[in-house]
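The values are calculated or read from the model by the stated rules, or taken from the named source; none is laboratory data. Bear in mind that the values here come from a model prediction, so they are computed numbers and not experimental data. A quick note on method: Cβ atoms are made from the backbone with ideal geometry, for glycine too, and the neighbour counts reach across all protein chains shown.
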Amino acid sequence: MQVGIVGKPNVGKSTFFSAATMKIVDIANYPFTTIKPNHGIGHLKIRCACRSFDVTDNPGNSICLNGDRLIPVEIIDCAGLVPGAWQGRGLGNQFLDEIRKADALIHVIDASGGTDLEGRQVKIGTHDPLEDVKFLEHELTMWLYQIISRDWPKTIRRIEMLKENLIDILEERLSGLLIKKPHILSAVKNLELNTSSAGGWKEDDLIRLAGELIKASKPLIIAANKMDLPYSEENAKMLREMGYQVVPCSAEAELTLRRAHDKGFIDYNVGESTFNALKTDLTEDQRKVLEIIRNRVLFKFSSTGVQEVMNKAFFQLLKLIAVYPVEDAEHLSDHKGRILPDVFLVPDGTTARQFAYIIHTDLGESFLYAIDAHDKKRIGEEHPLKNGAVIKIVATKARM
Ligand SMILES: Nc1nc2c(ncn2[C@@H]2O[C@H](COP(=O)(O)OP(=O)(O)OP(=O)(O)O)[C@@H](O)[C@H]2O)c(=O)[nH]1
Ligand SMILES: [Mg+2]
């Protein structure tokens with residue numbers, strides 16, 4: 001699963017990406033710094049199961065840092081989007097091509113209102129970030145509308161002449177955009193559109209359909225960036241009150257803290273509300289920057305927000321849970337004796353048997369039952385797994 005970092009130019013998308021992945025990418029205070037998208041690996045942070053079991057673990061596919069498990073996930077830093085992108089304006093084509101492959105979106109906005117719709121710097125507080133939110137919704141809707149409407153006459157012919165089903169045609173047509181049948185069914189239902197009379201649908205119906213499909217298939221969280229600047233807090237509050245899911249954030253603060261930590265200047269755990277200065281010989285400027293971050297960001301918002309956005313994008317928008325497979329439920333180890341080596345991200349609602357299939361087809365096929373390492377109780381094949389569960393699969397041909 002991939003999450004795309006999107007928004008107009010110059011809002012801090014690449015800064016967010018760099019802070020989340022520690023990859024060095026171009027960051028600058030002008031529009032279209034990023035032209036080609038950046039792909040990278042960021043991490044979700046959860047309380048590691050090693051803490052509840054009080055064991056020392058040997059992580060394999062993830063990292064355990066001071067009792068927190070960091071799980072790798074893929075994120076994409078997209079080129080900036082400007083009005084008219086759906087008609088190819090700016091870097092519209094590159095941008096929208098990346099969005100196809102995204103399962104969810106992080107919409108980075110400049111919450112300080114210091115950049116206009118094209119990403120040019122303006123006096124802070126003069127641009128309304130609500131416009132940015134509306135504009136992204138509009139661009140994505142019109143992009144999808146264009147795709148659907150391009151062969152709408154052909155679609156209608158297939159329905160009327162070949163008696164094909166509209167939902168099936170749309171599913172086939174839109175699968176490359178990760179738009180699936182449940183998305184289409186819920187969109188049509190929400191809009192109360194009658195699929196048997198699709199031939200009579202107006203342009204406006206197709207635009208509304210595109211809007212609903214985008215909402216259903218590309219769930220979105222707003223990273224209200226540049227929270228270290230004035231006006232940001234009010235703007236983030238305003239968006240939240242309008243019903244948007246908003247996390248206050250300062251990508252620049254997170255990037256600075258992670259770099260300072262890597263250089264040994266400070267001790268900082270990602271997503272935390274504090275850091276400790278380690279070096280006594282920091283320059284006056286370095287000390288000042290760290291104090292600004294402490295006072296304007298950490299003290300006010302209790303974190304830089306970057307980790308919270310990452311976790312919410314995957315756990316809430318994509319509805320994933322983390323499950324640890326083990327071979328020995330007593331020692332929590334795999335066949336090599338490694339303790340809690342792996343953690344898998346799976347859809348919420350994944351049953352014990354489905355989890356066995358995710359680990360290995362053989363294990364799914366020969367599944368007998370599972371054991372929850374917390375209470376050592378048996379779990380039947382239909383039983384959905386809990387977030388954070390440590391699970392042993394018992395199969396006829398025991399192999400794991
Ligand atoms: N004050 C403040 N500035 C930030 C923050 N995050 C990013 N910036 C600045 O915003 C400017 C744009 O940052 P980028 O990360 O290049 O923005 P972008 O959205 O990737 O821009 P494009 O690639 O042009 O679309 C740079 O000057 C950053 O230093 C933040 O949290 N606070
Ligand atoms: Mg960029």
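For (1) in contact with a Leu (Cβ under 8 Å, 6 or more places away or on another chain); (2) among the hydrophobic types (A, V, I, L, M, F, W, C); (3) on the phi > 0 side of the Ramachandran plot, each residue gets a yes or a no:
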{"site": "Ser196", "(1), (2), (3)": "no, no, no"}
{"site": "Gly199", "(1), (2), (3)": "no, no, no"}
{"site": "Asp205", "(1), (2), (3)": "yes, no, no"}
{"site": "Pro219", "(1), (2), (3)": "yes, no, no"}
{"site": "Ala223", "(1), (2), (3)": "no, yes, no"}
{"site": "Asp228", "(1), (2), (3)": "no, no, no"}
{"site": "Glu233", "(1), (2), (3)": "no, no, no"}
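Note on region 303-332: among residues that are polar (S, T, N, Q) and touching a residue at least 40 places away in the same chain (Cβ under 8 Å), the one that is farthest from Arg51 (Cα to Cα) is Thr304. Annotation for region 56-65: no member residue is more than 24 Å from Ala224 (Cα to Cα) and either near ligand 1 (Cβ under 8 Å from one of its atoms) or basic (Lys, Arg) (or both).
Of everything listed in (1) without any contact (Cβ under 8 Å) to a residue 24 or more places away in the chain; (2) more than 9 Å from ligand 2 (Cβ to nearest atom), the single unmet condition for Ile46 is (1). Per the conditions (1) of a type in the set (A, V, I, L, M, F, W, C); (2) within 17 Å of the chain's Cα centre (by Cα); (3) over 27 Å from Arg120 (Cβ atoms); (4) not in a strand (DSSP E or B), the sole criterion not satisfied by Val55 is (2).
Checked against (1) modelled with pLDDT of 95 or more; (2) not assigned by TED's automatic domain parsing to the domain that holds Asp228, Ser186 passes all but a single condition, namely (1). With respect to Glu98, is the statement that it is acidic (Asp, Glu), within 13 Å of Ile5 (Cα to Cα) and within 16 Å of ligand 2 (Cβ to nearest atom) true? Criteria met by Glu98. Considering region 170-202, the residues that are exposed (fewer than 13 other Cβ atoms within 10 Å of the Cβ) and under 24 Å from the mean Cα position of the chain (by Cα) include one that is farthest from Arg150 (Cα to Cα), namely Pro182.
Candidates in region 12-25 are the residues that are assigned to a loop (DSSP other than H, G, I, E, B), out of contact with any Phe, Trp or Tyr (no Cβ under 8 Å at 6 or more places or on another chain) and more than 7 Å from ligand 1 (Cβ to nearest atom); of these, the one that is nearest to Arg258 (Cα to Cα) is Met22.
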